[in-house]
Structure formats: C-alpha cells, structure tokens
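Scroll down for the structure; my scribbles are underneath it.
Bear in mind that the values in this text are calculations on the coordinates, not laboratory data. These figures come from a predicted structure and were not determined experimentally. All Cβ positions, even for glycine, are placed from backbone atoms using ideal geometry, and neighbour counts span all protein chains on display.
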Amino acid sequence: MQKSLLLAASLTLLATTSALGQGVVNVYNWSDYIDEEMLTLFTEETGIQINYDVFDSNEIVEAKLLAGNSGYDVVVPSGFFLSRQIEAGLFQPLDKSKLPNIGNMDPAIMEATAVHDPGNEYALDYMWGTTGLGYNVQALQERLGEDANLNTWDLLFDVDTVSKLADCGVTILDAPNEAFAAALNYLGLDPNSESEEDLAAAEELLTSIRPYVRYYGSSQYIDDLGNGEICLAHGYSGDIFIALYAAEEAGADFEIGYSIPEEGAVKWFDMFAIPADAPNPDNAHTFINFMLRADVAAANVNYVYYASGNLAAQEMIDPEVLEDPSIYPTPEVDAKTFVLVARSPEFSELMTRAWTRIKTGQ
Amino acid sequence: MSMADLQGQADQAPRMTLYQRITRRFGKTAVILVPMSWLAIFFLVPFAVVFGISLAIKKFGRPPYTELLSFTDESSVQLTLHLSNYLQLITDTLYVNAYLSSVSIAATATIIALLIGYPMAYFIARSSDRWRNILLMLVILPFWTSFLLRVYALSSFMRGTGVINNFLGMFGIEPLVMMQTNFAVYVGIVYTYLPFMVLPIYTNLVKLDGALLEASADLGARPWRTFISVTLPLSLPGILAGSMLVFIPAIGEFVIPSLLGGPDTLMIGRILWDEFFTNTNWPRASAVAIVMLVVIVLPLTLMQRARDAVVDGDNR
C-alpha cells in the first residue's frame, strides 16, 4: 500500500518500445509499488505497451470501479475491499489456463486470500504486509525515556504516552477500516466486530487521542516521517520502510523504526484482479502472468520491501529482506496479526459516520 | 402625450420588411445559440444528473445508487424520489457546521486578500507605465506553474523543518507549528487567489480620472480624505468583483485544506470528498454539491445586486 508525491495525482508511465501492434494493457496500482524496470522488461518481451497509473487509497479505486468504464485492465485493491467488489460483480473470473505461472504462488497465501476470494477465482496476491506503527526512534526515546517499549499500541492509544508525542507529530491513516480495527484490537475486542457497542468504544478511544493527532492521511506521512516532520505514524509497513531508507539516504541524524505491535496488527493482501469491463482482458492475463514469474516477483520485492505471495521467488529475494521480521514476520509475530473481512454496508455506514465525527470533531 | 403622438413616433421608426426581421432575429439567435448550448451541455445537463442522483439512495453496485425510474410491470413506470439525503443535511449538524465554517474561512480569506490586494493594485495603478507592466507581469507570473505544485511548495515554507522555521531557528526561536492548521489554509487561499483580487481593482483604479483627485485637492481635501471619499467609492465595483472572484472558489476549495489544513479545518469540499470516496455515498455527495451551489449562488446574487447598484449610481 503506497503513496504518491501529490495527493491523488496519478503518474502515467508509457513504457517505450519498438514492437507495436500487440496492443496495450492499462494497469492501476498503488504508487511506489513496483520496480519500474519490470514494466520496461514486460514491454520488451511481449510487445504490449503499458499505461501505468497509480493511486494511494482503496477508496479511490473502488470509486472508479463503481463508476464503470474505468478503462483499466488490471487493478490491485486490498483483500477486504476486493471481497465486496467481487460480490458487486466488478471483476471477471481469471482464466487460469492463461496463467501458467500460478504454480509459483505460495499455497499458504492462496489459502489466506481465499477468505476474500473463495476458491481464488477472481484475484491473485501481488504483495502483502501489515499496518503498524512507524516512528522516529530518537524523538520517541527523548520524550518517553531510553528504554521505553516501542513495540506497543500504547504509543498511539494511551493518552499519557501519545500526549507526550503531540509536539513532534502523530498521524493516523485516513482509512476508517484500518483505524477502527487497530482500536478494537487494542481494546481486546474483535477487530472485525460489527457490534454498535464495540464501535462506540472504539470511537471513544479514537476521540480521546484526537487532540494529539497532527493529521489523518494516507500518503503525506511517508515524506513527513522520512524528514523528521512527524515522529509517530500509523501506517503501512512498506511505506514506513520507504521513509526509513529516505532518512538513511539523506543522512538524517535519526533512525526510523517499524513495529508490528505486540498486541497484534492488521495483515492485508493487495490482489491483482481484472475489472469486468476491462478493454484488454487477454493482455491483462499476460501482464499478471508476467508479474507472477519468480524473477520478476523477486525483483519487485527487493525494490519495494513488501512480502510477496510468490513462493518460487523467495530464493531470489535478498536475504536481508527475507530475514527481516517486520517484512516477513516470524511465526510468533504472524500469529498475532489478523485479517479484516468485508463489513456489511449498514455497518460501513455507521463506521464512516463515526470516522467523520472523530476527524472533524462534529 | 396622446395615443396619436405615440402612433406617429412609431411610424417614424425605420420600417423593416418581414424578410429583414426574420434574418435579424435568426442572426441574434444564432449568435446566442453557441454560448447557450455550451451552458446547457456543460452546466445544465450535469447539474440535472447530479440533482437526479441526489434523490436516489446509496447501494453497493454499479452504479452505486438506486434508479429513480423502475418498471413495475409492462405498462407502468414507478418514480421513486428519496429526500433522505437532504433531510440528513439538515438534521446532521456536521453539514451545517461545515457550510458555515467554509463560508467563514472563505470570507476571512477574502478580507485578508482585499487588505493585501488593494494597496498592491493601488501601487501598480499609480506607478509609471514602464513599471506597471513589469509589476502586472509579476502578479500574473505564478499562474505559469501548476496550482497544485504552488500549494505543495507552500508546505516546504511552513513545515517544521521548512524555510521559515530554519530562519527563526538561527535566532534560537523554537519551531512554530504552521502546517495542518487554519493559519496555513488562510495563507494558501490568500496566496492562490490574490491575483484575482488585484487585477479587477487595478483595472478599476487605472481608469480613475486624475482630474477628480485634483479637484478634491483643490477643494482642500487632504490625501486621506480624497482616498476615502473619491478613490474608494469609485473603485467599489473592482473591490466587489475581486471579492467575488476570491470568495466563490474559496468556499468550495478542496486542495488547499487537504494539503495544508489539519483535522480542525472543516470545509465542505473535504466533506464532499469523504462522502464520495470514503463512504461511496454518491447520492449524499450529490446533495451536498447541490446545496453548496445554492449556498454559493445566494451570496453571489446579493453581491451582484450590490455591484449593479453601485454601477447604476455611477451612471446616474
């Protein structure tokens, strides 16, 4: 799950090639979510031109798919959005005879994503990750003490703790599903609960920390964390790593850390799917099959630092990525992660209204 | 004047043949047809579509709202209009507060823009011809870059490690939190819309008859008095035009509060975005848009009237 420099701005990358006549494939993916050399390689090998557009939130993708005629051939929504989109008939089933590389997929990931897409009929995992806490280690230690536990949601949800961080900047994802799941889990409640009582409890918790929140956003925090503008971000794992490497490259005098807090965190899957009205479904299959190739999947993982659903790729993934427990969690940590399921429309309505109330104080 | 006189006057008017009348009327219609069809295609039709959607209710699917017309059996059509979205806008204080807050932010920004823009326009209008063109150029220059980039660039000035705070830091002043506050939003709106304030006022001031100012001075008025009772009233049409050009787009502003504002910046443009994207509630978003149009059109009409009154007063 990624970002772009400018809110909702989309970058169109036209891979150039001499081979014409194979048509085009229009891909809509999260920003900063691919090794762009792979796009050039795809066009070189297949002769298919790529129009590559990027987004920074699931909500935007859903709005485009619901409007229809999006013109995209491949989109990459997250699992819990995907399941209700499948139900609404927004995707076409994958033709697996056109996807010989499907054998590279990790059976464990296929099983996990079947929660969102029963029988893996419509979608295949591209990457997966967690939603946890990214922080500026020095800024936090300065305010909370040298030996403060940085591996807990207390940083965000405990008023005493978060109030000490307000001056250096705290941000929360502008994604009600993520924020409520984290709050419910912190309260010891089922993160997928649809009870109104639980919702009210989570809303109270999120409201109690609002005075200490600098802003609610899904992409700005990457830049801000990387250049020391904020010190604690509720965010997507790979985004925090982008901030981490940005800070390192800039020679910053602080380090960025990422925690999957010990209380547990959301684990999500971003899935390749083909819209029902895709103009070039054949090319879409060719593209997905290419992305499932072990060497291509490995190149992307080494570039974006998210875990891949591709098992065959693992031997080509840099050991430092594969052995990093915040990218590929250890079984103990993995056991504490949980997957979100689609909310009913009625509950979604209540939740989004509560979210607006929290954000605006109205 | 008797009826006969009136008749006589009418007879003196040049007589047109039927053919001339038809071609003349047709010519007028043809000329007006282009802008009218533009307005119909790009304003009325979309407006009608949005209004139609605002009377539906949300449903998850494609399209994400209910149909207004449904065919119950082969011979009857049922029209279902939901008013719930509008009721919600009234009963839920969020929307009312967001509208009020947008109007107040836009009005404050307009006043600030006027206080900065008027002296700028005055100075440009009073400078020599050679300087005037250069100064005007400088006012227009920012338009040569993308609006989005300029707003984004403002954040590099106002952020904690930005230009202003680095400068203050040299004097040992603690960094000020400027980003994600209403202050940043005001800076953004005033900066972006200032040229729209300066240009109409400038156009007005530059046409000001110098003889009037001389007359005022000859009659013993001090410069300040002359400004208050001569220059200012005569430039009122420019002030009103400039204020409208700033106020109207500022009410519905989305980009500036999103990039520079914080959670406390309540503006209707952001509420609309949330309804549309986060909540996928197109009917509610449409209702918000329709009401916003009304909220904007109302002050616009009032200001237009005030302007007309001033202009009429001038002509009398």
Cα-only radius of gyration and Dmax that characterise segment A:208-260, units Å = 11.1, 36
How much net charge surrounds B:A121 when only the other residues with a Cβ under 15 Å from the Cβ of B:A121 are counted, with Lys and Arg +1 and Asp and Glu -1?
-> +3
Once you have a ≥ b ≥ c as the square roots of the Cα gyration tensor eigenvalues for segment A:41-119, tell me rounded if a/c is under 1.5, and otherwise prolate or oblate according to whether a/b is larger than b/c.
-> oblate
Using Cα pairs closer than 8 Å and at least 6 residues apart in sequence, work out the relative contact order for segment A:118-223, in percent.
-> 28 percent
So the pair-distance distribution of segment A:16-82, from every Cα-Cα distance in 10 Å bins, comes to percents of 20, 47, 27, 7
Quick one: which of A:K64/A:K267; A:K64/A:K359; A:K96/B:K58; A:K359/B:K59; A:K64/A:K336 span more than 28 angstrom between C-alpha atoms?
-> A:K96/B:K58; A:K64/A:K336
Sum of side-chain charges, A:V61 neighbourhood, beta-carbon under 11 Å (Lys, Arg +1; Asp, Glu -1) | -4
Percent RCO, i.e. relative contact order, over segment B:83-315, from Cα pairs under 8 Å lying at least 6 residues apart | 28 percent
Would you mind estimating how fast segment A:95-176 diffuses translationally, via Stokes-Einstein at 25 °C and 0.890 mPa s with the Kirkwood radius over Cα pairs, in µm²/s?
-> 150 µm²/s
In Å and whole numbers, how far do the C-alpha atoms of segment B:83-315 stretch along each principal axis, longest first?
-> 66, 54, 30
If the viscosity is 0.890 mPa s and the temperature 25 °C, what translational diffusion coefficient in µm²/s does Stokes-Einstein give for the protein assembly as shown when Rh comes from Kirkwood over Cα pairs?
-> 85 µm²/s
Quick one: work out the % antiparallel among DSSP beta bridges in segment A:111-249, nearest 5.
-> 55 percent
Can you give the FRET efficiency for A:D158 and B:F147, using 1/(1 + (r/R0)^6), R0 = 51 Å, r = Cβ-Cβ distance, to the nearest 0.05?
-> 0.80
Average partner chain C-beta neighbours within 10 Å, per residue of B:272-279?
-> 6
When chain A is treated as a Gaussian network with springs between alpha carbons less than 10 Å apart, the largest mean-square fluctuation among A:Q141, A:Q92, A:Q220 is found at A:Q141
Please label the shape of segment B:130-235 as rounded, prolate or oblate, based on the square roots a ≥ b ≥ c of the eigenvalues of the alpha-carbon gyration tensor (a/c under 1.5 means rounded; beyond that, a/b larger than b/c means prolate, else oblate).
-> prolate
When Rg is the radius of gyration of the Cα atoms in chain A and Rh is its Kirkwood radius, what does Rg/Rh come to?
-> 0.96
Packing-ranked peptide list from B:123-133, B:248-258, highest mean Cβ count within 10 angstrom first, is B:248-258, B:123-133
